[in-house]
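Since the structure comes first, as structure tokens, the remarks are kept for the end.
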Amino acid sequence: MNSEKMFNNTKIAFSLKSDSQLERAYFLFKMISNQPLVRIGTAATRFAINAKLPVEGLIRATVFDHFCGGISEEDCLPAIDKMYSAGVCSVLDYSVEGKALENQFDSAQARLLKIIEFSEKKEAMPIAVFKPTGLGRFALFEKKSEGKAFTEDEQAEWNRIEDRFDTICGLAKTKDVEVLIDAEESWMQDAADDLIEKMMAKYNTDVPYVYNTLQTYRWDRLDYLKTSHNKAKENGYKLGFKIVRGAYMEKERERAQEKGYDSPICTDKNTTDINFNDCQNYILENLDQISVFIGTHNEDSTYLALKQMVNLNIDKKDNRVWFGQLYGMSDHISFNLAKNGYNVAKYLPFGPVKDVMPYLIRRAEENTSVAGQTSRELELIKKERKRRKTN
Ligand SMILES: Cc1cc2nc3c(=O)[nH]c(=O)nc-3n(C[C@H](O)[C@H](O)[C@H](O)COP(=O)(O)OP(=O)(O)OC[C@H]3O[C@@H](n4cnc5c(N)ncnc54)[C@H](O)[C@@H]3O)c2cc1C
């Protein structure tokens, strides 16, 4: 099979979608391809939710159901089973953001422990995920990253964050479930990186259970990867990395400009792409010590990884290499990779509708049309509609 053509197969990509589900996806992506509509829709939705207007039903029937598995873990089961029937695993992602209270962090931890327990019994869910700021206050991560001294209370609060990380990573190892830790804004990330490194040193002694995330839109990440590799070799533990391009580019650039420091983001898209591919190659060449979860919707990087795997004689099912996309996006990559025998898992977000709105808004904005071009998702759906009509 010519792997360069693998992702063109829309029949496999949309095989789990009935005609009516495909029509719904077409309608949705057509709507969100319109930039002014998304801008107005986003503002109106934020207002309606804050004003407690009854819009949840409308959101559920449109964007929510396309990009999320449901409100609870149980709601996600049909999607998990359906995807697994096509060889694609699920990573349950509790996508609630911006919480700041201790009891919210404790309940996020309890939820994760429950997911890990559940994953142990379910082959379709070999991997768990969390965001550092889902388990502790953003401001505390930020203060630690700046190297500022904590007050006694802050130190106690930080110790609780460390305990939460430790409990989750410890259970993941006991239950043989890998755990991915998302990367967020650069000004809180150093503290998260140090803490995750500590977890890797403790739990990745034989197998990498704990994975950090490299955002390759940051120009310093290849060096960070190499430094982490040297440290891990010296201290005798394995590394796990999810590699992504990065989701906070505008925010990063705006803050750097506002505060007058050099932007941590690559100067252009091409530099980010090169950095992503370099990190990917470096890891694939060092698979004995570093495992990878390749989180991307970019076809070229994915084809490149497949080519590298052939060159380096890496088996398609090698458990040290996983590919991942987001639920509701790039099914042409996920389902074709799985069909061809690779390890694939999709992030399956869930949570109360109003709490996952920031996540949904990011997805809508990502799929609006750029300079009049149809978004790729819409293009693929159109292609599959046409194929079904002519068959
Ligand atoms: C499974 C999975 C997990 C993820 N986890 C995280 C996470 O933990 N943290 C996180 O931040 N994001 C995460 N993301 C989102 C990811 O970072 C990207 O925003 C998204 O996947 C789009 O990038 P791409 O590689 O898929 O595709 P592409 O469409 O090829 O790349 C788009 C990306 O390129 C970069 N870019 C675009 N224009 C420029 C420019 N002018 N200059 C420099 N760079 C540019 C940006 O990062 C942009 O998002 C995840 C994505 C997936 C699929």
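The values are calculated or read from the model by the stated rules, or taken from the named source; none is laboratory data. A quick note: this is a predicted structure, and the numbers were derived from the prediction, not measured. When we count neighbours, we look across all protein chains shown, and the Cβ atoms used for this are built from the backbone with ideal geometry, even at glycine.
Numbers below:
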quantity	calculated
Residues located in the range 339-375, provided they are modelled with pLDDT of 85 or more, farther than 20 Å from residue 49 by Cβ and in a helix (DSSP H, G or I)	339
Qualifying helices (runs of 4 or more DSSP H) (wholly inside the range 18-87; at least 2 residues being under 27 Å from residue 345 (Cβ atoms))	19-32, 73-85
Any hit, the range 96-106, residues being touching a residue at least 40 places away in the same chain (Cβ under 8 Å), surrounded by 15 or more Cβ atoms within 10 Å (Cβ to Cβ), within 18 Å of the chain's Cα centre (by Cα) and within 16 Å of the ligand (Cβ to nearest atom)	yes
First in the range 239-256 and without any contact (Cβ under 8 Å) to a residue 24 or more places away in the chain, second anywhere and more than 6 Å from the ligand (Cβ to nearest atom), Cβ under 6 Å, 6 or more apart	253/263; 256/263
Given (1) assigned to a helix (DSSP H, G or I); (2) free of Cβ contacts under 8 Å to residues at least 60 places away in the same chain; (3) within 14 Å of the ligand (Cβ to nearest atom); (4) closer than 24 Å to residue 126 by Cα, number of the condition residue 284 does not satisfy	(3)
Any hit, the range 344-354, residues being touching a Phe, Trp or Tyr at 6+ places or on another chain (Cβ under 9 Å), without any contact (Cβ under 8 Å) to a residue 40 or more places away in the chain and within 11 Å of the ligand (Cβ to nearest atom)	no
Given (1) within 9 Å of the ligand (Cβ to nearest atom); (2) out of contact with any Pro (no Cβ under 9 Å at 6 or more places or on another chain), index of the condition residue 304 fails	(1)
Selection within the range 186-225 - free of Cβ contacts under 8 Å to residues at least 40 places away in the same chain, over 25 Å from residue 158 (Cα atoms) and in a helix (DSSP H, G or I)	223
Looking only at the range 275-286, and only at residues there that are hydrophobic (A, V, I, L, M, F, W, C) and closer than 14 Å to residue 223 by Cα, the one that is nearest to the chain's Cα centre (by Cα)	276
Pairs where the first residue, in the range 56-82, is among the aromatic types (Phe, Trp, Tyr) and the second is surrounded by 15 or more Cβ atoms within 10 Å (Cβ to Cβ) and in a helix (DSSP H, G or I), C-beta under 8 Å, 6+ apart	64/360; 67/359; 67/360; 67/363
Residue in the range 141-156 that is small (Gly, Ala, Ser), under 18 Å from the mean Cα position of the chain (by Cα), within 28 Å of residue 208 (Cα to Cα) and assigned to a helix (DSSP H, G or I) present	no
Which listed residue is more than 30 Å from residue 162 (Cβ to Cβ) and surrounded by fewer than 16 Cβ atoms within 10 Å (Cβ to Cβ), from 79, 43	43
Candidate set from the range 317-332 (those that are outside any strand (DSSP E or B) and of a type in the set (S, T, N, Q)); member that is farthest from residue 33 (Cα to Cα)	319
Matching residues in the range 259-281 - criterion: being without any contact (Cβ under 8 Å) to a residue 12 or more places away in the chain, more than 7 Å from the ligand (Cβ to nearest atom) and part of a helix (DSSP H, G or I)	259, 270, 274
Tally of residues being in a loop (DSSP other than H, G, I, E, B) and more than 17 Å from residue 169 (Cβ to Cβ) across the range 126-140	1
